[in-house]
Amino acid sequence: MSRAASDICYAALAAPVAFWLVPWPEPHMWPIFLGAVLIHVFYKVAQAMTYVRGDYTAVYPVVRGTAPLFAVAAAGIVFGEHFSPGQWLGLSVLLAGIFGLAAYNMTHASTGARAMLPGLGLAVLTGGTVALYTTYDAYGIRATADPFTFLAWFFLLDGLLMPAYMLLRGPRPPSSELWPLARRGLIGAITAYASFGSITVATRLASVGGAAVLRETSTVFAALIGWLVLGDRVGPRRLGLMAMIAAGAVMVKWAG
């Protein structure tokens, strides 16, 4: 229900932009939109299954760690992008920090390390879908003259499937939950515009691999939010791993 609320909110916000503010998509864009929507549906399902079966603090770094590795490889195949030795070194430092953070969180998880294995496997699959949509959407946003045409129509089309599924198959929220659900959906929609919108535009302006790597500093921000908002303990080990992630991202940028 939360996913459907976010999706319908960003579809509603995108509709007037798509119909009246940006140029109409070129004919060749419609099959591209279809592919993008299908890939994102698969990603949403994989992400939900991952978070159901694994502790968030353990599986989230794995998702974020595998995604840039796959994205860099895919960008090399699709767009002919290649990292320099210094960039590969920076990526290695960043991945070491992310996977180290995942290992640390897994050993301190309340469910136990063995119980986390299905969630970790799904986290790797989800990381692969993140790399897939990052590469595909970079292709899509480069295929149209106006990047905001791609973004507006993507949000409009992608935002319809999950609400339609909920209407046909999902449970109905009680009337007392409608306003809180709509409020959370609006927050989720605005967050989606800021996060997905910015990274997709970045892949049009810069290299796909470089943008994908820099995005994974989100692991640092997630840990900081957990500390400041949720009261999670950070400690010196986590601080050191977070510093590795940030240092790796800086190395990738400088070496590029």
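Rule-based calculations on the coordinates, nothing more; no lab input. Note that the structure is predicted; figures quoted are calculated from it, not measured. So basically every Cβ, Gly included, is an ideal-geometry build from the backbone, and we count neighbours across all protein chains shown.
For this structure, a couple of remarks:
- Dividing the summed -39500 (n - 2.57) terms of all DSSP H runs of n ≥ 4 by the residue count of the chain sets its mean residue ellipticity at 222 nm at -27000 deg cm²/dmol.
- Projecting the alpha carbon convex hull of the chain along each direction and taking the average yields 14.8 nm².
- Looking at region 138-212, the trypsin sites (Lys or Arg not before Pro) that sit in a DSSP loop and have at most 13 other Cβ atoms within 10 Å of their own Cβ are 169.
- Förster radius 30 Å - calculated FRET efficiency between residue 176 and residue 17 (Cβ-Cβ, nearest 0.05): 0.40
- Residue exposure proxy: 213, 201, ordered by other Cβ atoms within 10 angstrom of their Cβ from fewest to most, comes out as 201, 213.
- Per-peptide packing, taken as the mean over residues of other Cβ atoms within 10 Å, places 172-178, 134-140 in the sequence 134-140, 172-178 from highest down.
- Along the axis of the charge dipole computed for the chain (Cβ charges of +1 for Lys and Arg, -1 for Asp and Glu, origin at the Cα centre), the listed residues 52, 123, 248 are led at the positive end by 52.
- Check: region 197-256 dipole with +1 on Lys, Arg Cβ and -1 on Asp, Glu Cβ, in debye: 40 debye
- Normalised by the number of residues in region 2-255, the average gap of Cα pairs under 8 Å and 6 or more apart makes the relative contact order 40 percent.
- Summing Cβ point charges (Lys, Arg +1; Asp, Glu -1) relative to the Cα centre of region 2-255 gives a dipole of roughly 580 debye.
- Membrane-span-like helices of the chain, defined as complete DSSP H segments with a Cα extent of 18 Å or more along the helix axis and a mean Kyte hydropathy of at least -1.0, are identified as 2-16, 29-53, 56-78, 85-107, 117-142, 147-168, 178-205, 235-255.
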